Amino acid sequence: MKRTFERVIVFGATSAIAQAVARTLAARGARVHLVGRDATKLEAVRADLLARGAAAATVAVADLDDLALHAGLVEGAWVALGQPDAALLAQGVLPDQAGCEADTSRAHAAMIANFLAPASLLGELANRFEAQGHGTLVAIGSVAGDRGRKTNYVYGAAKGGLATFLQGLRGRLHAKGVHVLTVKPGFVDTPMTAHLPKGGPLWASAERVGDGIVRAMERGASEVYLPGFWRLILLVLRHLPEAIFIRLKI
């Protein structure tokens with residue numbers, strides 16, 4: 001049976017992919033609670049969602065890398081929405097690998113943003129959803145987490161850790177009425193990737209990825225590669241012998 005979502009929390013709500021998901025749900029009359037660090041951008045997103053048909057849109061301004069805030073942010077979301085149907089975690093950064101190698105503090109910050117902070121929020125959300133006996137948890141990972149590449153292994157390690165965390169969480173919550181979805185996008189044309197060369201068949205728009213996320217939520221998928229051709233690409237890359245893989249310039 002197709003799932004519906006009427007009350008949704010969005011962490012990292014100003015990201016392009018998060019906005020694409022929120023717009024689709026808003027057009028269906030959902031209530032949304034938006035969390036992010038930029039008050040001006042959040043207000044713009046809130047106004048846009050209301051114009052598109054959201055039943056209500058509320059905001060909370062916070063730096064999601066501050067783990068001490070997470071329990072309060074989740075509590076605030078429950079106050080704003082009642083019992084949410086779903087939560088989407090879209091926060092993260094794409095660090096410069098060379099910069100992370102030269103300055104380990106940059107690597108630490110990337111690990112916090114891409115793994116530790118999402119895992120902390122997921123823990124808080126899991127306890128809430130488990131207590132209420134229903135809900136959908138969605139976290140945006142990356143195809144980069146499927147195998148470590150020399151050009152982005154800090155980012156890939158964080159996303160790989162997140163995928164493993166989500167696998168375990170899915171197993172924990174399976175019998176509790178709570179669904180966990182891991183999203184693995186490939187190259188997406190967003191502000192986060194503005195510094196990269198664009199174009200070609202491997203690139204997708206945020207809208208395309210957002211639509212794919214909503215469809216995966218509706219059908220209760222556990223893991224989705226977006227666009228879907230990335231599943232085959234990563235299947236090949238994961239099975240390449242290490243002696244060959246380490247020589248690839250990717």
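The values are calculated or read from the model by the stated rules, or taken from the named source; none is laboratory data. Here the structure is a predicted model, which is why all the values come from computation and not from measurement. Every residue, glycine among them, receives a Cβ derived from its backbone with ideal geometry; neighbour counts consider all protein chains shown.
What to note about this one:
- Filtered residue count, segment 1-28, keeping only those that are in contact with a strand residue (DSSP E or B) (Cβ under 8 Å, 6 or more places away or on another chain) and farther than 25 Å from Asp63 by Cα: 3
- Residue selected from segment 112-138 under the condition surrounded by 18 or more Cβ atoms within 10 Å (Cβ to Cβ) and not in a helix (DSSP H, G or I), by the criterion farthest from the chain's Cα centre (by Cα): Gly135
- Scanning segment 85-111 for residues that are of a type in the set (A, V, I, L, M) and surrounded by fewer than 18 Cβ atoms within 10 Å (Cβ to Cβ) yields Val93, Ala98, Ala102, Ala109.
- For segment 142-199, the tally of residues that are assigned to a loop (DSSP other than H, G, I, E, B) and either within 28 Å of Phe245 (Cα to Cα) or in contact with a helix residue (DSSP H, G or I) (Cβ under 7 Å, 6 or more places away or on another chain) (or both) stands at 16.
- For Arg128, the stated conditions hold: it is without any contact (Cβ under 8 Å) to a residue 60 or more places away in the chain, basic (Lys, Arg) and farther than 19 Å from Ala158 by Cα.
One line per residue, one yes/no per condition, for (1) within 16 Å of Asn114 (Cα to Cα); (2) of a type in the set (A, V, I, L, M); (3) modelled with pLDDT of 95 or more:
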{"residue": "Gly161", "(1), (2), (3)": "yes, no, yes"}
{"residue": "Ala175", "(1), (2), (3)": "no, yes, yes"}
{"residue": "Thr193", "(1), (2), (3)": "yes, no, no"}
{"residue": "Leu202", "(1), (2), (3)": "no, yes, no"}
{"residue": "Val214", "(1), (2), (3)": "no, yes, yes"}
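- Qualifying residue in segment 76-83 (condition: more than 20 Å from the chain's Cα centre (by Cα), of a type outside the set (A, V, I, L, M, F, W, C) and closer than 18 Å to Phe5 by Cβ): yes
- Being out of contact with any Leu (no Cβ under 6 Å at 6 or more places or on another chain), closer than 23 Å to Ala126 by Cα, surrounded by 17 or more Cβ atoms within 10 Å (Cβ to Cβ) and not hydroxyl-bearing (Ser, Thr, Tyr) is a property that Leu67 lacks.
- For segment 84-110, the set of residues classified as of a type in the set (A, V, I, L, M) and within 19 Å of the chain's Cα centre (by Cα) consists of Ala86, Ala87, Leu88, Leu89, Ala90, Val93, Leu94, Ala109, Ala110, listed by residue number.
- Test: residue in segment 1-9 that is under 16 Å from the mean Cα position of the chain (by Cα) and either on the phi > 0 side of the Ramachandran plot or in contact (Cβ under 8 Å) with a residue 40 or more places away in the chain (or both): yes
- Scope segment 219-248; condition loosely packed, with under 11 Cβ neighbours inside 10 Å and without any contact (Cβ under 8 Å) to a residue 40 or more places away in the chain; matching residues: Gly228, Leu232, Val236, His239, Pro241, Glu242, Ala243, Ile244, Arg247
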